[in-house]
Amino acid sequence: MRRQWLCAAAIVLAAACDKRQEPAAPAALWLSEPLAAARTSELVAGAADTVPAVGNPYADAAGAEVQGRQMYMSFNCAGCHGGAGGGGIGPPLADDQWIYGGSDANIYASIVQGRPNGMPAFGPALQGEAVWKIAAFVRTLSKKPGTGNEDREVSGQTQ
């Protein structure tokens, strides 16, 4: 048994001491070949579309705009954006020029997360249904000629 063990150890030792090596490829060969980039997603650097693909579940719901208006007034949105959305301290909501996007999802994000330089985050006080209803109301403030939205009742008066 001892003889077999010595024989196996000698074979392992001989294999470890073998000085033969494969010839190495010259460094210039692998440096000259272009490296292919593996694309793992469709994301690319640069400006992105600011309109998320999230829809307002209360956009066409009966009474959602009225409830949204009540919350707009009770959370003092009118204090900065005006009762009819004409602006004031905050930017106007009655036009089609939106800094952070004018979709319902963008409006929702602005209300919940807040925005730099003045828009507070209402996320701790408002979530879900209430914010969607405010967003539905805010969208009605936008006056677009030719769409029939020129006359709309806000705070009991026709504008």
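Bear in mind these aren't lab numbers, they're just calculated from the coordinates by the rules spelled out. For clarity, every value in this text was computed on a predicted model and none was experimentally measured. Quick reminder, even Gly has a Cβ in these numbers, built from the backbone with ideal geometry, and neighbours come from all protein chains shown.
What span do the alpha-carbon atoms of the range 64-144 cover on each of the three principal axes, reported in whole Å from largest to smallest?
So the extents along the principal axes, rounded to whole Å, are 29, 29, 22.
Compare the peptides 71-77, 56-62 by average per-residue count of other Cβ atoms within 10 angstrom and give them in order, highest first.
Working: 71-77: 16.1, 56-62: 14.3.
Ranked from most to least packed, the peptides come out as 71-77, 56-62.
Simple spin-label model, 7 Å along Cα-to-Cβ: Val54 to Ile99 in nm?
2.0
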